[in-house]
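Working notes for the structure below.
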Amino acid sequence: MSNELTRADEIIESYDCNQANLIAIMQEIQAEYKYLSEETLTLIAEKLGVSTAKVYSVATFYENFSLEAKGRHIVKVCAGTACHVRKSGPIYDAIHDYLGLTGKKKTSADGLFTLETVACLGACGLAPVMTIDGEVHAKMTPEAALELLEDIRKKEGAAV
Ligand code: FES
């Protein structure tokens, strides 16, 4: 077993490898690693004596489980009613394209950004709203949103 999986192994053992605790085990492992890797899911299946298909189906059924590592910066576009009406959809689409995301991928290939949607942030008067690493950006447009990401990308590039 790789060192990376040692902690996952300990968590599974702490639940006595009991299948009844499958979800709790997955939640705790995700809290530790921030996502559930293929290796981790295989380990869970082996140790609990369940099929990997079952573990995968649980991982994909519950929205809170993530099967990919998150990016360094988390971008959330509000999909609440007020923001939707004020066109948060095109902002999401512009970022999605800018990051080159396809299919179910939420994280850019360079690992810099993860794009998500979020329910109403309670700042409807400032719609459409997005957050970057928890900081709220108000009255966004697709252009303004991409400028913010571009700035971060430049800063990250400068830091390397
Ligand atoms: S709907 Fe977006 S902040 Fe309320």
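Values quoted throughout were computed directly from the atomic coordinates according to the rules given, and no laboratory measurement underlies them. Everything numeric in this text was worked out from a predicted model, so none of it was measured. Heads up, the Cβs are rebuilt from the backbone with ideal geometry, glycines too, and the neighbour counts pull from every protein chain shown.
Based on C-alpha pairs under 8 angstrom that are at least 6 apart in sequence, the range 3-61 has a relative contact order of 32 percent. In angstrom, the C-alpha Rg and Dmax of the range 3-61 are 9.9, 28. Per residue, the convex hull spanned by the alpha carbons of the chain comes to 132 Å³. Subtracting the Cα-Cα distance of CYS120 and PHE61 from 0.36 nm times their residue separation leaves 19.0 nm of extension gain.
Exposure proxy shown here: for SER108, SER57, the number of other Cβ atoms within 10 Å sets the order, fewest to most, as SER57, SER108. Output the antiparallel fraction of DSSP beta bridges having both residues in the chain, as a percent to the nearest 5. In the chain, DSSP labels about 55 percent of beta bridges as antiparallel. Bridgeable lysines around LYS154 (alpha carbons under 25 Å apart, same-chain partners fewer than 8 residues away excluded): LYS70, LYS76, LYS105, LYS106, LYS139. Legend: ranking of residues VAL50, VAL129 from fewest to most surrounding C-beta atoms inside 10 Å; resulting order VAL50, VAL129.
Against the chain, whose longest principal axis is taken from its Cα atoms, helix 38-48 shows a tilt of about 40°. Sequence neighbours fewer than 8 away in the same chain don't count; with that in mind, list the aspartates and glutamates whose C-alpha is under 17 Å from LYS34. Candidates past the 8-residue exclusion: GLU4, ASP9, GLU10, GLU63, GLU68, GLU116, ASP133.
Within the chain, the cysteines lacking any other cysteine Cβ closer than 4.7 Å to their own Cβ are CYS17, CYS120, CYS124.
Just want to confirm a number: the relative contact order over the chain, from Cα pairs under 8 angstrom separated by 6+ residues, in percent. Could the numbers behind the result be given before it?
Details: 200 pairs, mean separation 30.5, N = 160.
So the answer I get is 19 percent.
Between ALA69 and TYR35, the modelled label-to-label distance comes to 0.8 nm, taking each label 7 Å out from Cα in the direction of the beta carbon. Kindly provide log₁₀ I(q)/I(0) values, in the same order as q = 0.24 Å⁻¹, from the Debye equation applied to equal alpha-carbon scatterers of the range 73-159. Evaluating at q = 0.24 Å⁻¹ gives log10 I(q)/I(0) of -1.19. Footprinting exposure proxy ranking of LYS34, LYS87, fewest other C-beta atoms within 10 angstrom first, gives LYS34, LYS87.
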